[in-house]
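Derivation of every value follows stated rules applied to the coordinates shown; laboratory data play no part. Please read all numbers here as calculations on a predicted model, not as lab measurements. So basically every Cβ, Gly included, is an ideal-geometry build from the backbone, and we count neighbours across all protein chains shown.
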Amino acid sequence: MRSALNAMLILGMLTTPAMAEDTGARADASRAVVKAFMGELLGELQAAMQDGGAVNAIAVCNTKAPEIAAKAGSERGWRVARTSLKPRNPDNAPDAWETAVLKKFEARKAAGEDPAQIEYSEVVTVKAKKQFRYMKAIAIPQYAPCLQCHGKEIAPEVQAKLKALYPKDRATGYGTGDIRGAFTISQPM
């Protein structure tokens, strides 16, 4: 019994550094995917804003953002998405793990941490399978044009378009410095 316990402890010590390296590499890969996602989405939003203002940009978040996420996820066998405590699209509602992390993000922001730098990752077990989960906060200062659709004062034509596309919209009332939500990634291990 004692030798079996010692063997398990040794095995645990040997796998812990390997797992730490693996999670570090997975976090780096997740950051790269989020950066690419943010860059592509921001480019699409800026082009739409130039072509037709905020009303036109809503279509980007409605159709292009899910396409960008699906492409990034399918290329890697991951789930890549956006979520929020106040989702615009009910399909983007957070799961229990994401809800807990988003609440921690809000607490970290309240404690003075820069929302643009907030991220979190963890290995979790879902249905007896390990997953690497990663989230990166979406901070309003990085996306100031977003206040035209997510802010406290929204133009009537934007409100009408939002109501038509998102009848259960909860994603308004934000201001500069707020956490709008997060990019979220699940990687099977």
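Report summary: the helix-based calculation at 222 nm, which adds -39500 (n - 2.57) for every DSSP H run with n ≥ 4 and divides by the residues of the chain, gives -18000 deg cm²/dmol. In plain terms, the chain from Lys168 to Asp91 could stretch by 26.7 nm, reckoned as 0.36 nm per residue minus the Cα-Cα distance.
When Lys and Arg each count +1 and Asp and Glu each count -1, what net charge do the other residues less than 10 Å away from Ala182, Cβ to Cβ, add up to? Walk me through the numbers before you get to the answer.
Values: positive: Arg82, Lys136, Arg180; negative: Glu98, Glu119.
Charge balance in the 10 Å sphere: +1.
What is the dipole size for the chain, taken about its Cα centre, with +1 at each Lys and Arg Cβ and -1 at each Asp and Glu Cβ, in debye to the nearest 20?
In debye, rounded to 20, the chain gives about 580.
Among the helices of the chain, those built from whole DSSP H runs whose Cα atoms reach 15 Å or more along their own axis and whose mean Kyte-Doolittle hydropathy is at least -0.5 are 2-59, 96-110.
Under a Cβ-Cβ cut-off of 13 Å, what is the net charge of the residues other than Ala137 that fall near it, where Lys and Arg count +1 and Asp and Glu count -1? Could you put the intermediate results ahead of the total?
Numbers: positive: Arg31, Arg82, Lys103, Lys104, Arg108, Lys109, Lys136, Arg180; negative: Glu98, Glu106, Glu113, Asp114, Glu119, Asp178.
Net of charged neighbours comes to +2.
Pairs over the 19 Å Cα-Cα cut-off, from the set Lys86/Lys152; Lys86/Lys163; Lys86/Lys168; Lys86/Lys129; Lys64/Lys161; Lys35/Lys71: Lys86/Lys129. By the rule of a C-alpha distance below 14 Å, with chain neighbours fewer than 8 residues away ignored, the aspartates and glutamates paired with Lys109 are Glu119, Asp178. Sorted into 5 angstrom bins from 0, the C-alpha pair distances of the stretch 94-183 split as 3, 13, 20, 18, 17, 12, 10, 5, 2, 0 percent.
Taking a point 7 Å from the Cα of Ala29 along the Cα-to-Cβ direction, the residues of the stretch 73-107 with backbone N closer than 16 Å to it are 73-81.
Regarding the chain, what is the average projected area of its C-alpha convex hull, in nm²? Present the calculation step by step, with values, prior to reporting the outcome.
On the way: hull surface 50.6 nm².
Average of the hull's projected areas for the chain equals 12.6 nm².
When each of the peptides 62-69, 103-110 is scored by how many other beta carbons lie within 10 Å of its residues on average, the order from highest to lowest is 62-69, 103-110.
Take every Cα pair under 8 Å whose residues are at least 6 apart in sequence, average their separation, divide by the length of the chain, and the relative contact order is 25 percent.
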